[in-house]
C-alpha cells in the first residue's frame, strides 16, 4: 500500500505542498524529499505509447540514486543495531 501510494501521489506531493500553509508546507516538502522517487522507474507510458528508449545517462542516474538511497538506509540500520546484542 505504501509503494502504491508513493507511485500514485509521490510525484505530485511537491505541487500539493505549494497549496499548503507554512508549517504544513515544510512538512510536506520534507516528506517529498525523503520518500523514494519510484515514479522515475515507471516506464508504462513509454511502452504503451511506443516512445523511444530512455537514454543510458538517465538509467545510470536513477541507478546511482537507488544505490545511494539503499546505502543511506543500510547506514541507518547499522547505526540503529550496532550496539544491540544478537541474543533474543
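Contact map, segment 42-68: residues that are in contact (Cβ under 8 Å) with a residue 24 or more places away in the chain paired with residues that are part of a helix (DSSP H, G or I), Cβ distance under 8 Å, separation 6+ or inter-chain. Pairs shown: 42/7; 65/40. The residues in segment 5-41 that are farther than 24 Å from residue 67 by Cβ, assigned to a helix (DSSP H, G or I) and free of Cβ contacts under 8 Å to residues at least 12 places away in the same chain can be counted, and the count is 11. Select from segment 42-88 the residues that are part of a loop (DSSP other than H, G, I, E, B) and within 20 Å of the chain's Cα centre (by Cα) and write down the one among them that is farthest from residue 4 (Cα to Cα). Per the stated criteria, the residue is 54.
Throughout, read-outs are computed from the coordinates displayed, never taken from laboratory work. If you're wondering where the values come from, they're calculated on a predicted model, not measured in any experiment. Methodologically, a virtual Cβ is constructed for each residue, glycine included, from the backbone with ideal geometry; neighbour enumeration extends over all protein chains shown.
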